[in-house]
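Asks: Take a look at the following structure, please.
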Amino acid sequence: MSYQLIIPKVVEKQLNKLANQIRETVIENLLILQDNPRPPNSLKLKNVQGYRLRVGNYRVLYDIDDPTQTITIRRVGHRRDIYR
């Protein structure tokens, strides 16, 4: 079953700030999340609600709502800045 991907305007702005090649790679990984919301390169966060997806030096923070089958992307950014 495929999950619905919700990308807020704030996250769209974060994606648009990325270099083209990085943005394309991140978007490809986001589309993979629709079929598998917990891929091998993701991790459940310990101190914060949600999951983290590694895409090279970039991270995607997202929440999964299994009953409604939705994935909400919370943040996209470089690993040094994403957790601040």
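Asks: Would you please name the residue that is surrounded by the most Cβ atoms within 10 Å (Cβ to Cβ), looking only at residues in the stretch 18-48 that are over 22 Å from residue 2 (Cα atoms) and touching a strand residue (DSSP E or B) at 6+ places or on another chain (Cβ under 7 Å)?
Replies: 22
Asks: Which residue is surrounded by the most Cβ atoms within 10 Å (Cβ to Cβ), if the candidates are limited to the stretch 64-78 and must be closer than 19 Å to residue 13 by Cβ and charged (D, E, K, R)?
Replies: 74
Asks: So is residue 14 touching a residue at least 40 places away in the same chain (Cβ under 8 Å) and closer than 18 Å to residue 81 by Cα or not?
Replies: Here the answer is yes, as residue 14 does meet what is asked.
Asks: Another question about this same structure. So which residues in the stretch 6-43 are basic (Lys, Arg) and touching a helix residue (DSSP H, G or I) at 6+ places or on another chain (Cβ under 7 Å)?
Replies: 23
Asks: Name the residues in the stretch 17-67 that are touching a residue at least 40 places away in the same chain (Cβ under 8 Å) and either over 23 Å from residue 84 (Cα atoms) or hydroxyl-bearing (Ser, Thr, Tyr) (or both), would you?
Replies: 58
Asks: Which of the residues spanning the stretch 51-62 are surrounded by 15 or more Cβ atoms within 10 Å (Cβ to Cβ) and either among the hydroxyl-bearing types (Ser, Thr, Tyr) or over 8 Å from the mean Cα position of the chain (by Cα) (or both)?
Replies: 51, 54, 55, 58, 62
Just so you know, all these numbers are worked out from the coordinates, no wet-lab data involved. Everything numeric in this text was worked out from a predicted model, so none of it was measured. FYI the Cβ positions are ideal-geometry reconstructions off the backbone, even for glycines, and counts take in every protein chain you see.
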